[in-house]
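Reading through the structure tokens given below for one structure.
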Amino acid sequence: MPPAPAVQPSAPPSGPTPAQACGTESAKTAGCCACSVVAWIVAAGLAIAGIANHVYPLLIFALVLAVIGAICGVSVLRGRMAKGYYEIVLDPLPQVGLGDSAQWGLTLVAKRSFQVGTVTCTLRCQEHAISRGGTSDSHYRNTLYEQTFRIAGRPMLPTEQAAFRVPFTIPPDAVPSHRSSNNFIEWQLQLHAPVPGWCPDVKQTVDLWVAPTVSGALVAGHPQDASIATGWLQADRVVGGQAQCGAAWGSLQSQDGAMLDQTPVMSAGETRNLYLWLQTTEEVSCRGIWVWVGCRVHGSGTDEEIPLIAEHCIHEGALQAGQPLGAPLRVAIPAHGPVTFVGRYVKLEWVARVRFDVPLWFDKRMWVPIIVTPRRLPEPGQG
């Protein structure tokens, strides 16, 4: 079986500039206009052909196309109407980690009088997996956290400016952001300000990057390493312990860091010296043993890998029963993660993958876990 494609570790995405956002909106408007015009022209042609040739099914297709053209036309008209009522200036996105509080919103610049109703802003985190197919993709989403905030609306007068900003807090035990080709932990802010009448409501959605850091005042540190957020560790999101493959088993020991349930525990951004131990009660016939260290990104989406240490040979020949085999590994977790997470659709697992090179048959593999938590930042005034 070929290995899963390697991806780069997730990193904070850069948002579009105002000019890019304006260009995207103009392109959408032009596309709706073109779709509306083409749909009406084709519908008219089909209707004429259907009536002239008494082919009445063509009239049904013409009606469907006319409805599509009308929907696209109404969309363009509502967009133009909104521009006649107000302009929107979005706040820059705040930089946040777990447990951080911030605020976000927008400023409305009125061009004519109108009323803004109660403004709602929803903070949402969801896991999102994409299974790539030959002709189509399947998307799987599961909400991990959601909270809605409300602030009062107000009447707007011509040329008046009004800021609508909503304060929010990222829970300290939540899951930080992750972004790769097929698997995501997504944080979003969705703002909705209703406008009575024919004018379209104000609706904005932005992607928020939540860093894998957490304030030291919010969670406890590990007795062996204060940078590890032990309050973040939950049984339903981490997997540890020894790994087994037939009669062979493997474990990792930390030479200069913390351990939890016979598993090394590290925080995002840390570098540790680990030691891999392999042992078997029966001889494992193989040409050699190879080790790779990185993050397995799998689940319902297409599998991916984030490599840290390239696969290399640590032993040649068979693994003899009762003779332990060891290998040192220096592991450096990226500062932006991801952290260990076992969700419903997305699984982010840091491992040392052991491959037994079996001749003339399928290779055997063993995944020895490493637990990675958000980095616990020092408390103010304590360095």
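Residue-wise test of (1) among the small types (Gly, Ala, Ser); (2) farther than 29 Å from Gly221 by Cβ; (3) surrounded by 15 or more Cβ atoms within 10 Å (Cβ to Cβ).
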| residue | (1), (2), (3) |
| --- | --- |
| Cys313 | no, yes, no |
| Pro324 | no, yes, no |
| Trp350 | no, no, yes |
| Val354 | no, yes, yes |
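The numbered conditions (1) over 30 Å from Ser227 (Cβ atoms); (2) outside any strand (DSSP E or B) are all true for Gly337 except (1).
Just one of (1) touching a residue at least 60 places away in the same chain (Cβ under 8 Å); (2) in a strand (DSSP E or B) fails for Phe149. It is (1).
Taking Pro158, is it closer than 18 Å to Pro94 by Cβ and in contact (Cβ under 8 Å) with a residue 40 or more places away in the chain? So Pro158 does not fit the description; no.
If I filter segment 176-199 for residues that are without any contact (Cβ under 8 Å) to a residue 12 or more places away in the chain and either touching a Pro at 6+ places or on another chain (Cβ under 9 Å) or of a type in the set (D, E, K, R) (or both), do I get at least one hit? Scanning segment 176-199, I find no residue that is without any contact (Cβ under 8 Å) to a residue 12 or more places away in the chain and either touching a Pro at 6+ places or on another chain (Cβ under 9 Å) or of a type in the set (D, E, K, R) (or both), so the answer is no.
Restricting attention to segment 318-333, the residues being modelled with pLDDT under 95 and either among the β-branched types (Val, Ile, Thr) or in a loop (DSSP other than H, G, I, E, B) (or both) number 6. Only residues that are within 30 Å of Met259 (Cβ to Cβ) and either part of a loop (DSSP other than H, G, I, E, B) or aromatic (Phe, Trp, Tyr) (or both) were counted across segment 182-221, and they come to 5. Taking residues in segment 121-138 that are surrounded by 12 or more Cβ atoms within 10 Å (Cβ to Cβ), and partners anywhere that are assigned to a loop (DSSP other than H, G, I, E, B) and among the β-branched types (Val, Ile, Thr), the pairs with Cβ atoms closer than 7 Å and at least 6 places apart or on different chains are Cys125/Val175; Ile130/Thr302; Ser131/Thr302. Within segment 152-181, the residues that satisfy the criterion of being in a loop (DSSP other than H, G, I, E, B) and within 19 Å of the chain's Cα centre (by Cα) are Ile170, Pro171, Pro172, Asp173, Ala174, Val175, Pro176, Ser177, Ser180, Ser181. Being crowded, with 19+ Cβ neighbours inside 10 Å and modelled with pLDDT of 95 or more is a description that does not apply to Tyr275. Here segment 200-216 is the region considered, the condition is being over 19 Å from His178 (Cβ atoms) and in contact (Cβ under 8 Å) with a residue 40 or more places away in the chain, and the residue that is nearest to the chain's Cα centre (by Cα) is Gln204. Here Cys286 clears all of (1) in contact with an Asp or Glu (Cβ under 6 Å, 6 or more places away or on another chain); (2) buried (at least 18 other Cβ atoms within 10 Å of the Cβ); (3) assigned to a strand (DSSP E or B) except the condition numbered (3). Scanning segment 340-376 for residues that are among the hydroxyl-bearing types (Ser, Thr, Tyr) and either under 14 Å from Leu278 (Cα atoms) or not in a strand (DSSP E or B) (or both) yields Thr340, Tyr345. Of Val109, Val67, Val55, Val74, all but one fail to be modelled with pLDDT of 70 or more and either over 30 Å from Gly216 (Cβ atoms) or not in a loop (DSSP other than H, G, I, E, B) (or both); the exception is Val109. Taking the conditions (1) acidic (Asp, Glu); (2) within 23 Å of Arg179 (Cα to Cα); (3) part of a loop (DSSP other than H, G, I, E, B) in turn, Glu379 satisfies each one other than (2).
The values are calculated or read from the model by the stated rules, or taken from the named source; none is laboratory data. No experiment lies behind these values; they were computed from the predicted model shown. Please note: Cβ atoms are built from the backbone with ideal geometry, for glycine as well, and neighbour counts cover all protein chains shown.
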